[in-house]
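Participant: The structure follows.
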Amino acid sequence: MTRPPLSVITACRACGAPDPVTIHAFGDTPLADRLRDPARPETPDYRAPLTLCHCTACGLGQLRETVAPRILFGADYPYHSSVSPALQAHFHASARALMDRLPLAPGDLVMEAASNDGVMLAPFHAAGHRVLGIDPADGPVAHARARGIDTRHAFFTAALAREMAAEGLRARIFLANNVLAHVADVTDFTAGIAALLTPDGLAVLEVPWLLDLIDGGAFDTIYHQHLLYLSLTALVPLFARAGLVLNDAEPLAIHGGSLRLFVGRQPGQSPRLTALLAREAARDIRSPDLYAPLLDRMGQIAQDTRAALLRLKAQGARLAGYGAAAKATTLLHLLDLPPGTLRCIYDKSDWKQGLAMPGTDIPIRPASALHADDTPDALLLLAWNFAPEIIAQNAPYLARGGRILIPVPRLREITA
Ligand code: DWN
């Protein structure tokens, strides 16, 4: 086992309070999204401690270990947002809603941190607005540029933001979807937003919500990329320390439950945000006991799913997975299946096919092969957050007698 470069926190990543309380130690687990290339067996198959902890001062969930970002989001980072039509539709609808909410004047700039393949900036670009993406991952940046989205190839930091502001770049709209939870220095990140946002600018960030993670049993979304597990209670002072105001939060179903945060420089808190903060207070969001139902559910899901798969295997069934998702790494680690239990994992993403999962080396095959291979009798749906879309796509598989096991929020089986 090779350990990657990593550091360990001794204080809360947001408020600085000492010694966040350990909630659950997963042990040494593989690094999600560091897919294995059979042609390069010498590439280290890292494992790093994965320890969830919680700050009882500000109510922020977080990992104790920080794996070096260049290891997690480097040249081979395989995640492209546009692979999922549902996710693409989600971001396009969000862009249109923003253009309706905040009419952009000619010359207004729309910026996005962690812009990936440009999926969210594309509608602004198509409407003739100035856009600028920022992303560290080679593949998605190349993909964004190929579609005409101007993109800086870099991690978003306050230093970069100050450089860009000095160039005269200021954001009327600043976007950051599914990135805040990935950031080692979140104070630096919010300072970067403050450096670039125009005086009347609007920052809009989509983030997973800690209460949805707990109530939805989404323990598999705990992995090394996700350093923070966000509560609004922790976010309000976090933005305030950067001179910004969290004005509103919109609950979203995407990715198992998220929030769309609206941040600006003007005071004010929407009734919807006040109500969500009250829900967190009612759950005692600063208490480590908050996670008890999640830990129970995690044990139950792992036990039920492992038993179901091994039972099917014992009956001679051919088994495979569907969706080579980052979250699959944590679930597969917990299932600890005997090698060969899942013959492969089917996935639509061109950037993942032909590679293999970290830690288990389960090969990733094109989703189209599902209908050609000697069809597996059952599929474990690892990308459960896209269940409706994936089930609809695989109706022919179900019609031929196939079975789909969905592990989260609790194990259930789909047949025709
Ligand atoms: O935070 C993150 C979330 C937002 O996205 C990142 N750290 C990484 C990534 O996490 P993930 O890989 O768990 O996200 P997804 O989007 O749930 O992964 C879905 C996987 O399933 C992708 O590999 C694409 C694949 N897929 C498929 O094969 N057929 C997805 C759909 C919708 C499909 O129809």
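The values are calculated or read from the model by the stated rules, or taken from the named source; none is laboratory data. Just so you know, these numbers come straight off a predicted model, no measurement behind them. Neighbour counts run over all protein chains shown; Cβ positions are idealised from the backbone, glycine included.
Participant: For the condition modelled with pLDDT under 95 and of a type in the set (V, I, T), what is the one hit in T360, T341, T375?
Facilitator: After applying the criteria, what remains is T375.
Residue-wise test of (1) touching a residue at least 24 places away in the same chain (Cβ under 8 Å); (2) within 16 Å of the ligand (Cβ to nearest atom); (3) aliphatic (A, V, I, L, M).
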position: L273; (1), (2), (3): yes, no, yes
position: Q300; (1), (2), (3): yes, no, no
position: L312; (1), (2), (3): yes, no, yes
position: I362; (1), (2), (3): yes, yes, yes
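Participant: Out of curiosity, is R265 at pLDDT 95 or above, of a type in the set (K, R), in contact with a Pro (Cβ under 7 Å, 6 or more places away or on another chain) and away from the ligand (no atom under 16 Å from the Cβ)?
Facilitator: The answer is yes for R265.
Participant: At least 1 residues that are basic (K, R) and surrounded by fewer than 19 Cβ atoms within 10 Å (Cβ to Cβ) in each: list the helices (runs of 4 or more DSSP H) lying fully within region 165-243 that qualify. First the steps, then the outcome.
Facilitator: Numbers: elements: 186-196, 210-215, 232-241.
Those helices (runs of 4 or more DSSP H) span 232-241.
Participant: Do we find a residue being more than 18 Å from L202 (Cβ to Cβ), at pLDDT below 95 and within 14 Å of the ligand (Cβ to nearest atom) anywhere in region 119-133?
Facilitator: Within region 119-133, not a single residue is more than 18 Å from L202 (Cβ to Cβ), at pLDDT below 95 and within 14 Å of the ligand (Cβ to nearest atom).
Participant: While we're here: Against the definition (out of contact with any helix residue (DSSP H, G or I) (no Cβ under 8 Å at 6 or more places or on another chain) and touching a residue at least 60 places away in the same chain (Cβ under 8 Å)), how does A356 come out, yes or no?
Facilitator: In short, yes.
Participant: Quick check on my filter: what residues within region 123-146 are among the β-branched types (V, I, T) and either part of a loop (DSSP other than H, G, I, E, B) or within 22 Å of the chain's Cα centre (by Cα) (or both)?
Facilitator: I134, V141
Participant: Search region 314-344 for residues being of a type in the set (V, I, T) and in contact with a helix residue (DSSP H, G or I) (Cβ under 7 Å, 6 or more places away or on another chain), and hand back the single one that is farthest from the ligand (Cβ to nearest atom).
Facilitator: This residue is T341.
Participant: Of the residues H90, H129, which single one is farther than 30 Å from A184 by Cβ and either in contact (Cβ under 8 Å) with a residue 12 or more places away in the chain or surrounded by 24 or more Cβ atoms within 10 Å (Cβ to Cβ) (or both)?
Facilitator: Matching residue, one of H90, H129: H129.
Participant: Quick one: would you say P267 is within 25 Å of G217 (Cβ to Cβ) and either in a strand (DSSP E or B) or not hydrophobic (A, V, I, L, M, F, W, C) (or both)?
Facilitator: Considered against the rule, which asks whether it is within 25 Å of G217 (Cβ to Cβ) and either in a strand (DSSP E or B) or not hydrophobic (A, V, I, L, M, F, W, C) (or both), P267 comes out as no.
Participant: Something else about it: Could you pull out the residue among T375, T329, T360 that is in contact with a Lys or Arg (Cβ under 7 Å, 6 or more places away or on another chain) and β-branched (V, I, T)?
Facilitator: Exactly one residue qualifies, and that residue is T375.
Participant: Next up: Could you check region 54-67 and list, in sequence order, the residues that are in contact with a Pro (Cβ under 7 Å, 6 or more places away or on another chain) and either within 15 Å of the ligand (Cβ to nearest atom) or under 17 Å from V179 (Cβ atoms) (or both)?
Facilitator: Across region 54-67, the qualifying residues are Q62, V67.
Participant: Is it the case, given these coordinates, that A383 is within 9 Å of the ligand (Cβ to nearest atom), among the aliphatic types (A, V, I, L, M) and touching a residue at least 40 places away in the same chain (Cβ under 8 Å)?
Facilitator: yes
Participant: Could you say whether any residue in region 400-416 is touching a helix residue (DSSP H, G or I) at 6+ places or on another chain (Cβ under 6 Å), part of a strand (DSSP E or B) and within 14 Å of the ligand (Cβ to nearest atom)?
Facilitator: yes
Participant: OK, next. Which residue out of T29, T51 is within 16 Å of the ligand (Cβ to nearest atom), polar (S, T, N, Q) and in contact (Cβ under 8 Å) with a residue 12 or more places away in the chain?
Facilitator: Details: T51 fails: within 16 Å of the ligand (Cβ to nearest atom).
Of T29, T51, the one residue that is within 16 Å of the ligand (Cβ to nearest atom), polar (S, T, N, Q) and in contact (Cβ under 8 Å) with a residue 12 or more places away in the chain is T29.
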